[in-house]
Amino acid sequence: MLARIGMERIVIIGAGQAGCQAVASLRAAGFAGAITLVGDEPFQPYQRPPLSKAYLMGAMERERLFLKPDAFYAEARCEMATGIAATAIDRAARTVALADGRKLVYDKLLLATGSRVRKIKVPGADLPGIFYLRGIADVDALRPALAAAKHLAVVGGGYIGLEVAAVARKLGHRVTVIETLDRVMARAVSKPMSDFYERVHREAGVEFAMNTAVEGFEGRGKLEAVRAGGVSVAADVALIGIGVIPNCELAQAAGLACNDGIQVDKHCATADAAIFAAGDCTRHHGRAGDLIRLESVQNAIDQAKHAALAMAGQPAPYSEVPWFWSDQYDLKLQIAGLAKPGDTLVQRGDPATRKFAVFHLREGRIAAVEAVNAAPEYLMGRKLIADAAAVAPERLADISIPMKSIV
């Protein structure tokens with residue numbers, strides 16, 4: 001088997017977390033053929049989570065962002081094509097066209113194209129002083145502007161927005177968060193968790209404008225204010241964090257099924273037997289059987305591992321428990337599983353101690369856990385989700401019972 005696949009050529013489009021993991025997993029699975037990694041950024045694969053935290057703060061050097069040293073790609077015999085965008089896929093010829101005119105031939109193709117920021121569409125959105133945060137270049141542009149700023153407006157109260165707000169407050173800036181919904185992180189966490197984080201940010205000096213939509217940006221030659229809710233909020237820098245859009249255009253143009261993500265099966269394969277996909281750009285069947293798209297490091301890594309196994313002729317179904325995290329101030333929020341409306345919420349611990357968890361029960365079983373500075377609750381919760389364990393709510397709420405003894 002290895003002798004046959006040793007002659008194959010695998011092209012990976014997307015030099016991010018999933019692309020890097022796929023290279024490592026392919027070699028670990030014994031794939032001996034050619035691997036080419038294509039990325040449109042002029043960098044080797046790097047971590048994105050620290051961008052809105054330690055890297056923005058200046059507490060992490062750029063070199064520490066990179067997932068692997070140069071020697072890894074040389075030892076893995078992986079040809080790097082960074083700073084070059086893939087422009088088209090010819091499924092019949094099994095080729096990928098690059099922006100520099102080259103065409104790469106593949107036997108198997110992995111789409112790890114990730115996602116891009118959603119742009120705000122209001123008057124003045126092109127004024128200098130308005131930033132997005134997705135890559136290294138974004139932070140390198142934002143950091144000096146933030147250093148010179150007095151008032152930062154954050155549009156969007158999600159993970160990225162609140163992480164940047166926390167950094168800005170640590171740097172001494174005035175911060176206003178403008179959110180269209182009635183609570184922060186509403187799409188990601190429960191109401192008790194939203195209430196806790198809003199309170200923490202307010203105590204740190206962050207101002208909020210909830211249930212408020214941005215109507216435009218104002219300024220003569222540069223940003224001076226954000227028009228929101230019928231009033232002008234003074235700001236000399238704005239960070240827009242209103243979500244991301246999966247990069248499906250290449251797949252869609254090639255005739256692959258896409259619906260807010262490239263549709264893949266449990267082996268991360270598309271309807272084309274030669275093409276696989278992994279990471280933020282995919283839509284797949286979750287553990288409950290419903291179609292989901294996840295934006296997380298865990299999903300990128302695990303899907304890349306399973307795609308690599310399938311491409312190497314060793315398919316194994318993907319059914320991992322999803323997990324996420326966010327660092328804000330001295331708080332580490334860790335989430336496992338996927339919550340749904342109608343879940344029964346069980347709180348363990350007191351939010352006033354800045355160490356507690358919220359469990360989501362569905363038909364008596366733990367479906368998700370949100371833990372703040374509570375590693376045992378997160379780790380055991382993640383295991384109980386994987387085991388589909390039934391747990392009595394009163395035992396979960398009783399902090400005198402150690403998590404390892406809950407079941």
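Figures for the structure shown
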{"item": "CD proxy at 222 nm, helix term only [per DSSP H run n ≥ 4: -39500 (n - 2.57); per residue of the chain; nearest 500]", "result": "-7000 deg cm²/dmol"}
{"item": "For the chain, Cys with no neighbouring Cys Cβ under 4.7 Å", "result": "C20, C78, C268, C281"}
{"item": "Karplus (6.51, -1.76, 1.60) ³J(HN,Hα), θ = phi - 60°, over region 173-181, in Hz, Gly and Pro reported as x", "result": "8, 6, 9, 10, 9, 10, 10, 6, 8"}
{"item": "Within region 130-240, percent of DSSP bridges classed antiparallel, to nearest 5", "result": "35 percent"}
{"item": "Full-stretch length increase - S400, R202 - with 0.36 nm per residue and alpha-carbon distance subtracted", "result": "68.2 nm"}
{"item": "Pairwise label distance in nanometres, A74 with L181, each label 7 Å out on the Cα-Cβ vector", "result": "4.7 nm"}
{"item": "Highest average packing first - 255-263, 368-376, Cβ atoms within 10 Å", "result": "368-376, 255-263"}
{"item": "Relative contact order (%) - criterion: Cα under 8 Å, at least six apart; region: region 250-407", "result": "14 percent"}
{"item": "Counting DSSP beta bridges with both ends in the chain, the antiparallel % (nearest 5)", "result": "60 percent"}
{"item": "Greater than 19 Å apart at Cα, pairs in K150/K332; K191/K332; K191/K340", "result": "K150/K332"}
{"item": "Contour minus Cα-Cα distance for A271 and R362 (0.36 nm per residue)", "result": "29.5 nm"}
{"item": "Normalised contact order of the chain, rounded percent, pairs of Cα under 8 Å and 6 or more residues apart", "result": "14 percent"}
{"item": "Cleavage-rule hits, GluC sites (Glu not before Pro), region 1-75, DSSP coil, Cβ neighbours within 10 Å at most 15", "result": "E61"}
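Bear in mind these aren't lab numbers, they're just calculated from the coordinates by the rules spelled out. Bear in mind the structure is a predicted one, so any value in this text is a computation, not a measurement. Cβ sites come from the backbone with ideal geometry, for glycine too, and all protein chains shown count toward neighbours.
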